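Below is one structure, written out as structure tokens; the observations come after it.
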Amino acid sequence: MATIKHTKNELKAQREALKRFQRYLPTLQLKKQQLQLEVRQLEATLELARAAEQQDRAELAKWVRLFAEPVEWKDWLSVRDVRLGQGNIAGVAIPVLAGVDFSRQVPDLFTTPAWLDDALDMLQRRIRRRLELQVLEEQLRRLAAELRTTSQRVNLFEKVKIPEAREHIRVIRIFLGDQMTAGVARSKMAKAKAVEQLTAT
């Protein structure tokens, strides 16, 4: 326990600190609950996105033999731009995938394999899904980190700061009460001596 002064000013400071902790704690608890809810929802969304990617992968497995034919994919499809925005959940800045721009060449149906157009659609979908997954994972990472920090703060206030301030207030009040009692006793003794000296003369 930190050393404290046993004065009225310190008592006032400890009471103000206790009020401040008690006023701030509900806000932290609310933020913690909101973050927990958002993390659970984001985990569910991430799970759905992973399931969709697995489904794409299973569908792609049907095409694997066709991809054995040599094709220069970069000639037909490339990512031109990935647009990221900023979101805010419970005061946490998170990235949001605003869009993906592709540069895609239209294949000549007479000189390219028949499956190339469908393969380009699948590849485009897989790239978009992979980027969505990366953004969702980053969102989850940031929210989970903020949740950890907020939980630590809630525990600090509930288990350390508030009980510590209450104990300091209790100790200071006992000390000041003892000082007041001792002062009253001294004044009674001084009065008794004064009366005794008056009666002796």
*Please state which of the following conditions ILE4 fails to meet, knowing it meets all the rest: (1) open to solvent by less than 90 Å² (accessible area, probe 1.4 Å); (2) within 30 Å of GLN152 (Cα to Cα); (3) at pLDDT below 90; (4) under 32 Å from the mean Cα position of the chain (by Cα).*
(4)
*Somewhere in the range 183-196, is a residue touching a residue at least 60 places away in the same chain (Cβ under 8 Å) and open to solvent by 50 Å² or more (accessible area, probe 1.4 Å)?*
no
*Looking at this structure, is LEU97 under 21 Å from VAL39 (Cβ atoms), open to solvent by less than 60 Å² (accessible area, probe 1.4 Å) and not in a helix (DSSP H, G or I)?*
yes
*Being without any contact (Cβ under 8 Å) to a residue 24 or more places away in the chain and of a type in the set (A, V, I, L, M, F, W, C) is the filter here, so list the residues in the range 86-100 that pass it.*
ALA98
_From LEU136, LEU131, LEU156, LEU176, residue being of a type in the set (A, V, I, L, M, F, W, C), in contact with a helix residue (DSSP H, G or I) (Cβ under 6 Å, 6 or more places away or on another chain) and surrounded by 13 or more Cβ atoms within 10 Å (Cβ to Cβ)_ = LEU136
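The rows are residues; the columns are (1) open to solvent by less than 80 Å² (accessible area, probe 1.4 Å); (2) modelled with pLDDT of 95 or more; (3) closer than 26 Å to THR149 by Cβ.
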| position | (1), (2), (3) |
| --- | --- |
| ALA13 | yes, no, no |
| LEU18 | yes, no, yes |
| PHE21 | yes, no, yes |
| TYR24 | no, no, yes |
| ALA44 | yes, yes, yes |
| ALA51 | yes, no, no |
| ASP56 | yes, no, no |
| GLU59 | yes, no, no |
*Select, from LEU131, LEU140, LEU120, LEU136, the only residue that is in contact with a Pro (Cβ under 9 Å, 6 or more places away or on another chain), hydrophobic (A, V, I, L, M, F, W, C) and over 24 Å from LYS19 (Cα atoms).*
LEU120
*Hey, can you tell me all the residues within the range 100-120 that are modelled with pLDDT of 85 or more and either loosely packed, with under 15 Cβ neighbours inside 10 Å or over 29 Å from GLU138 (Cβ atoms) (or both)?*
ASP101, PHE102
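The values are calculated or read from the model by the stated rules, or taken from the named source; none is laboratory data. Here the structure is a predicted model, which means the values were calculated and not measured. In this analysis, Cβ positions are derived from the backbone assuming ideal geometry, glycine residues included, and neighbour counts consider all displayed protein chains. Side chains included, ligands, DNA and RNA excluded: accessible areas come from the protein's heavy atoms. Shrake-Rupley method; radii C 1.70, N 1.55, O 1.52, S 1.80 Å.
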